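The values are calculated or read from the model by the stated rules, or taken from the named source; none is laboratory data. These figures come from a predicted structure and were not determined experimentally. With ideal geometry, Cβ positions are generated from the backbone for all residues, glycine too; neighbour counts draw on all protein chains shown. Surface accessibility is based on the protein's heavy atoms, side chains included, excluding ligands, DNA and RNA. Shrake-Rupley method; radii C 1.70, N 1.55, O 1.52, S 1.80 Å.
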Amino acid sequence: MAVKLDGKKLSIKLANDLQADISSLKSQGIVPKLAVILVGDNQASRVYVRNKHRMAEKIGLESLDLRLSKDISEAELLEKIASLNNDSTINGILVQLPLPDQINADRITKAISPKKDVDGFHPYNLGRLFVNDPYAIPCTPNGIMYLLKSYGISVDGKNVVIVGRSKIVGRPLAALMLNQSATVTVAHSHTKNLSEITRQADVLVAAVGRANFIQAKDVKPGAIVIDVGINRNAAGKLVGDVAQTEVAPIAGYLTPVPGGVGPMTIAMLMKQTVEFAKWSKQKK
Ligand code: GUN
């Protein structure tokens with residue numbers, strides 16, 4: 001039976017460590033502060049944003065909750081970002097994705113100052129990650145690497161197969177894995193013979209956004225399986241991209257959903273904000 005990679009437990013430990021860090025920063029007059037922008041009323045986004053604010057509050061990190069109408073223009077949103085870029089009390093800026101159709105997400109991503117880009121989605125930060133000189137690292141991939149490391153799992157020389165090529169998970173995770181000397185394959189919707197490829201994986205990452213996409217037949221016995229999916233099944237239950245019940249007896253390690261990658265993402269966001277606050281004083 002697979003060992004559970006317990007992101008929930010690890011994120012609580014991380015939160016405790018960060019809480020101590022934040023107290024010590026505050027005693028030096030540094031107050032880490034994160035601005036989170038939510039445009040519109042996407043149900044899933046509201047839940048994610050609420051969880052971010054809750055964790056911030058728990059650890060003593062200040063968070064600004066900016067809710068904007070779904071009808072806001074791109075120009076208005078750009079103006080809001082410019083004012084946060086110029087606000088020296090704000091260390092991190094996050095615009096929750098997806099955005100409404102009238103707004104170009106790439107233009108928004110590029111408008112956030114790279115030094116406040118807690119998501120690490122700005123091309124400057126993605127470029128630095130790609131050349132193995134990272135500044136900000138996207139939170140979900142960073143959380144996956146942190147989780148593996150905490151369980152003593154090295155990816156050096158391992159076959160890593162990432163299913164999904166999104167800018168948020170698949171692409172940055174491929175760079176992080178490569179930086180740790182893994183042999184990386186990124187599979188996606190055009191990939192042929194997907195199951196043959198996933199069965200070669202020592203580390204298999206599912207970031208597709210489809211419930212039960214990875215089944216027992218797709219997994220090599222003993223593999224480390226990372227389930228990034230957050231989907232609702234027909235019964236409204238939260239499920240990942242991996243058919244967990246049938247994969248668990250085969251895999252060596254498995255992240256649960258919920259309680260795996262999700263809490264790590266939020267913990268990494270907090271960690272990045274605290275680091276930005278420290279770095280803002282060191283002018284890194
Ligand atoms: N939507 C889904 N995941 C993310 C994330 O990590 N950051 C932002 N900004 N939006 C998201």
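Descriptive notes on the structure:
- For the range 231-284, the candidate set comprises residues that are modelled with pLDDT under 95, out of contact with any strand residue (DSSP E or B) (no Cβ under 9 Å at 6 or more places or on another chain) and within 24 Å of Lys4 (Cα to Cα); within that set, the residue that is most open to solvent (accessible area, probe 1.4 Å) is Lys237.
- Residue that is surrounded by the most Cβ atoms within 10 Å (Cβ to Cβ), among those in the range 86-115 that are closer than 18 Å to Val274 by Cα and away from the ligand (no atom under 13 Å from the Cβ): Asn91
- Qualifying residue in the range 186-202 (condition: crowded, with 17+ Cβ neighbours inside 10 Å and within 23 Å of Val131 (Cβ to Cβ)): yes
- Residue list for the range 74-106, restricted to those being of a type in the set (A, V, I, L, M) and outside any helix (DSSP H, G or I): Ile90, Ile93, Leu94, Val95, Leu97, Leu99, Ile103
- Val95 vs. criteria at pLDDT 95 or above, touching a helix residue (DSSP H, G or I) at 6+ places or on another chain (Cβ under 8 Å) and closer than 30 Å to Gln282 by Cβ: yes
- In the range 7-35, the residues that are under 23 Å from Gly229 (Cβ atoms) and either open to solvent by less than 20 Å² (accessible area, probe 1.4 Å) or assigned to a strand (DSSP E or B) (or both): Gly7, Ser11, Leu14
- Hits in the range 125-144 (condition: within 16 Å of the ligand (Cβ to nearest atom) and either within 14 Å of Ala206 (Cα to Cα) or of a type in the set (Phe, Trp, Tyr) (or both)): Thr140, Pro141, Ile144
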